[in-house]
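Structure record follows, encoded as structure tokens.
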Amino acid sequence: MAGRVLVAVSVVLALTACSAPPPAPSGNGLGQPVASITELADLVKQRAGACNDVKPETHEYFTSFVGAQQAELYKPFLDEWATCFVSPDFPKVGLVLFRDFKEFQASWRDAMTAGRVSDAPAFGFGNGFAVTQGYLATAKLGLFFLRCHYDDPKVHQVPADVDGCVFANPEHRHH
């Protein structure tokens with residue numbers, strides 16, 4: 001009897017060792033990815049209380065919404081985006097889905113290293129998505145800023161997918 005159990009355990013261990021590990025999710029510890037603007041709007045509504053009048057937007061309008069410098073960095077990786085009304089304090093919030101989130105992070109790091117940008121306080125990031133209005137995104141939605149070459153042990157951080165960067169949320173300070 002003990003021999004059969006040992007054989008069964010050995011077979012299970014051998015099968016487990018042969019199976020490929022699951023792929024690592026992009027966005028590391030930022031939670032589940034969001035697959036659609038509808039899903040992102042629902043997440044914002046759930047956490048902030050509203051995300052009304054969701055309107056899909058064009059890539060052209062993205063430039064006037066976030067400014068030319070930000071648009072230059074985001075647009076190559078922009079899959080789709082929309083706006084919604086959250087509150088009188090946040091009447092037009094941008095909801096952004098990325099085509100290749102890891103490549104966006106690398107591009108952002110390179111832009112920071114070159115001195116073209118200082119960090120990303122206008123956007124809060126989740127796994128494969130971003131929301132404009134940094135305070136709303138970090139304080140109400142629990143999202144993170146993307147920061148590179150950054151180290152503040154008082155700020156909650158999650159490693160980014162690229163070397164030299166982290167996702168940081170100053171609203172979740174360690175005490």
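Listed values, structure above:
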| read-out | value |
| --- | --- |
| Residue that is farthest from Phe98 (Cα to Cα) [pool: residues in region 32-60 that are assigned to a helix (DSSP H, G or I) and open to solvent by less than 70 Å² (accessible area, probe 1.4 Å)] | Ala48 |
| One residue from Phe77, Phe85 being buried (at least 18 other Cβ atoms within 10 Å of the Cβ) and at negative phi | Phe77 |
| Spans of strands (runs of 3 or more DSSP E) in region 63-175 with at least 1 residues within 19 Å of Ile37 (Cβ to Cβ) and in contact (Cβ under 8 Å) with a residue 12 or more places away in the chain | 78-85, 93-98, 123-126, 129-132 |
| Candidate set from region 89-131 (those that are crowded, with 21+ Cβ neighbours inside 10 Å and of a type in the set (Val, Ile, Thr)); member that is nearest to Cys148 (Cα to Cα) | Val131 |
| Candidates Asp152, Asp119, Asp161, filtered to the one that is among the acidic types (Asp, Glu) and modelled with pLDDT of 90 or more | Asp161 |
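The values are calculated or read from the model by the stated rules, or taken from the named source; none is laboratory data. Here the structure is a predicted model, which means the values were calculated and not measured. Note: ideal-geometry Cβ built from the backbone for every residue, glycine included; neighbour counts use all protein chains shown. SASA here: full protein model, heavy atoms, side chains in, ligands and nucleic acids out. Shrake-Rupley method; radii C 1.70, N 1.55, O 1.52, S 1.80 Å.
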